[in-house]
Amino acid sequence: MFGLNRNDTLLLIVVALLTMLAPFLLNPFPEGSSLAQFNGGYPDLMQRFVIFGIFAIGFNILFGLTGYLSFGHAAFLGVGSYAAIWMMKLLTMNVIPAIILSVIVAGLFSLLVGYICLRRSGIYFSILTLAFAQMSYALAYSVLTPITGGETGLQPKLNDPRILDAAVGSGVTPRANLFGIEMGTSWQMDWNGWVFTFNAGYYLAAIIMLIAFYLSIRIFRSPFGLMLRAVKTNQNRLNYTGVNTKPYTLAAFVISGMYAGLAGGLLVAMDTQVGPERMFWTASGEVVLMTILGGVGTLIGPVLGAGLIKYMENILSKINESLLEAWFAFMPDAVSDVMVTLLSLFVGKGWHLTLGLLFMIVVIFLPGGLVGGLIGGGRRMFRSNDRKATRKTKSNQTPPTSQTAE
Amino acid sequence: MAILQVRNVSKRFGGLQALNDVNLSVEKGTVHAIIGPNGAGKSTLLNCFVGRLIPDTGTVMFDGKSLLGIKPHQINQIGVSRVFQTPEIFGDLTLLENVMIPTFAHRDGAFKVNWWNRADRESDVQDHAEAILQEIGLYEKRLEIADSMSRGDKRRLEMAMCLSQDPKLLLLDEPTAGMSRADTNATIDLLKRLGETRGLTKVIIEHDMHVVFSLANYISVLAQGTVIAENTPELIKGDPRVKEAYLGTEAE
Ligand SMILES: Nc1ncnc2c1ncn2[C@@H]1O[C@H](COP(=O)(O)OP(=O)(O)OP(=O)(O)O)[C@@H](O)[C@H]1O
Ligand SMILES: [Mg+2]
């Protein structure tokens, strides 16, 4: 279906179901219960899941397929955001033109940056991209203040031209919308103590994420994707095989830059403001972590990695000492004190510590990331069955198997 | 008619004269062997043909076009394929994908963003790659990952990759090194068959004299960067200079 093989179709359907049902799945705990703070099903966080999912999917097209590790992709995200906000200021608060422009501008910017950085490979390439991103950050922060709003950033103002929009009444802040449907619109459903929130912005971002995911599957399975994987394995051989590898890597770079721009545009569509910190190097590093955590070169891994990191960032960081004390109140004081002191290192502001530990565990014990680990485990379990199966189908036409699985 | 014409090629690495005024002409449809002791400059010479190295002086003409100053992928696109001394394959990919990649490069040229179609639905490429693997005896292993193969199989895979492009000139740098006797003989048979069915021109570097004398129509002997003898196999066998070049290095 959709021109995909059976496994890929299945994966796409599962991901579609998960994203569409996310308001339920991410809110497993009733409102008011002590576990309710682990609920991730509120609009702001759900939007982040899918938007950073898009960012990571795109990053994976470059890093996962070609092996080129960019440390500067947040620059494209940021440029996308600035482009989107300018579209909203000048043209209309409708998010569609904003999102389209963010993709185009990020694409052009990544063409320039990629053209220069791809003159080198390996660590030098990474450093060049990092340098570019930090330069962009510095420019946005200072020199380009007339365009970027400097430190304070940009947001739509009452007196912006917005030539396509009807004038808003005085004192009414203009809101991002899709042909009149405001992105912030939410509809709540109460059910026996559970509260589920359905948010217009989330569903728009989720649908765009599904399209982006589908396109990435097509790229992965295409001859173009095969060439990119060949770049990663043995670029030297590829050159002697009659392939000009430069434009291939540049194409992958620009595509991933456009995905980043799309994510940046969507961030603005959901929350109409942007500041230079969006381009800071930690933001570039975060997408690297997401991709590696979930599984480099796997289709769904980066999305999972993005979700996991955003969940930890928003949920773990909210847990504070008094909460921990409440949880361990049933223990003897001495024990509970120790537990609270110990665990408080890993929550609240210390959530980065948990992330670091998790990252180390995954990299050391699951070199293929979470998805690689799952598939590897499954393979080991079913290996004997597989052998029998291949023997049977040997005469049939079977697709190549090095294709990255789920 | 000479398909490859090498004139006065010299190459120096620092203080080492790796190639010294080498002249060579390879006739179309023949197997031209280059032999010589270790470090004679054989691989260096091939590197000058495929754009890996640029000679300090001299010219390399292929099919009437100069091979100097154009990029490796352009050289391949005009019909020159090379098997390397240490197998250069796509280690993480399956054998089938390894052969599909050069087939795509042959069909689509040096660059094409064909991102919407499915690689495994491009049946012309798929069928062609499978046929080549069949011919070379790796069809049964086509879904295995290339890195898991034996050294001999890797070499054969690399040969399959080159053959899939239907080159005019095939350069083979020690194609049987690391192969068992049986595999070596199979490779000899394969290369002979290729000569008959495709009329392919081959330049082959080889240490194994059994292979050389089974295949070559013409032999050039390289020692310390200089062609010290060139002739048909029968005449090379008895040449005292050749014996000396080999015995000389063995005595060291
Ligand atoms: N890129 C290079 N830089 C410096 N020296 C080199 C380079 N390539 C080859 N050489 C030197 O040039 C000489 C010829 O090397 P080459 O690899 O051509 O020999 P060969 O005839 O292929 O030997 P073998 O039979 O061992 O493969 C050697 O002394 C080698 O060390
Ligand atoms: Mg050599």
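Could you tell me which residue out of B:240, B:110, B:95 lies farthest along the dipole of the protein assembly as shown toward its positive end? Charges go on the beta carbon: Lys and Arg +1, Asp and Glu -1, centred on the Cα centre. My answer, from the dipole projection, is B:240. Under 5 Å between amide hydrogens, built in the peptide plane, is the criterion, and for residue B:227 it picks out B:23 among residues at least 5 positions away or on other chains.
In a simple Cβ point-charge model (Lys, Arg +1; Asp, Glu -1; nothing else charged), chain B has a dipole of about 580 debye relative to its Cα centre. Counting only DSSP beta bridges with both residues in the protein assembly as shown, the antiparallel share comes to about 60 percent. Just to be sure I understand the curve: with the Debye formula and one point per C-alpha of the stretch A:156-298, what is log10 I(q)/I(0) at q = 0.11, 0.15, 0.17, 0.20 Å⁻¹? After summing over all Cα pairs, the log10 values are -0.66, -1.00, -1.14, -1.31.
Projecting the Cα atoms of A:42, A:334, B:224 onto the charge dipole of the protein assembly as shown, computed from C-beta unit charges around the Cα centre, puts B:224 farthest toward the positive end. Computed from point charges on the beta carbon alone (+1 for Lys and Arg, -1 for Asp and Glu), the dipole magnitude for the stretch B:91-166 about its Cα centre is near 160 Debye. Rounded to the nearest 20 debye, the dipole size of chain A about its Cα centre is 2260 debye, using +1 on the Cβ of Lys and Arg and -1 on the Cβ of Asp and Glu. The ratio of the alpha-carbon radius of gyration of the stretch A:95-237 to the globular-protein estimate 2.2 N^0.38 Å is 1.47. By the combined test of axial Cα extent (at least 30 Å) and Kyte-Doolittle hydropathy (mean at least 0.0), the qualifying DSSP H helices of chain A come to A:95-117, A:200-221, A:245-270.
Ligands, DNA and RNA excluded, the heavy atoms of residue A:42 present near 70 Å² of accessible surface to a 1.4 Å solvent probe. Roughly what % of Cα-Cα distances in the stretch A:151-218 sit above 20 Å, to the whole percent? Taking all Cα-Cα pairs of the stretch A:151-218, the fraction more than 20 Å apart is 55 percent. The mean count of C-beta atoms from other chains within 10 Å of the C-beta of residues in B:48-54, rounded to a whole number, is 1. Among beta bridges identified by DSSP and lying wholly in chain B, the antiparallel ones come to about 55 percent. Comparing chain B with the 2.2 N^0.38 Å rule of thumb, its C-alpha radius of gyration ratio is 1.02 (two decimals). Of the solvent-accessible surface of the stretch A:319-377, computed with a 1.4 Å probe and all protein chains present, 77% belongs to carbon and sulfur.
Surface composition of chain B: carbon and sulfur make up 50 percent of the accessible area, probe 1.4 Å.
Using C-alpha pairs below 8 Å separated by at least 6 residues, the relative contact order for chain B is 27 percent. When only alpha carbons of the stretch B:91-166 are considered, Rg and Dmax amount to 11.9, 36 Å. Residue A:119 contributes about 140 Å² of solvent-accessible surface, heavy atoms of the protein only, 1.4 Å probe. The contact between chain B and chain A removes approximately 3700 Å² from the accessible area (both sides summed; 1.4 Å probe; ligands, DNA and RNA excluded). A simple spin-label model places pseudo-atoms 7 Å from Cα toward Cβ; at residue A:112 and residue B:148 they are separated by 4.8 nm. Considering only A:116, A:195, A:59, whose Cα is most displaced toward the positive end of the charge dipole of the protein assembly as shown, charges sitting on Cβ of Lys, Arg (+1) and Asp, Glu (-1)? Positive-end residue among those listed: A:116. When the alpha-carbon atoms of the stretch A:1-143 are used, the pair Rg, Dmax equals 19.0, 56 angstrom. Counting only Cα atoms, the size of chain A along its three principal axes is 71, 62, 40 Å, in decreasing order. Rolled with a 1.4 Å probe across the full set of protein chains, the surface gives residue B:128 an accessible area near 70 Å². Averaging 1/r across all pairs of distinct Cα atoms in the stretch A:319-377 and inverting the result yields a Kirkwood radius of 13.1 Å.
The values are calculated or read from the model by the stated rules, or taken from the named source; none is laboratory data. Predicted model, so just to flag it, every value in this text is computed and none were measured. Cβ atoms come from the backbone with ideal geometry, glycine included; neighbour counts cover every protein chain shown. In case anyone asks, the SASA skips ligands and DNA or RNA and just uses the protein heavy atoms, side chains included. Shrake-Rupley method; radii C 1.70, N 1.55, O 1.52, S 1.80 Å.
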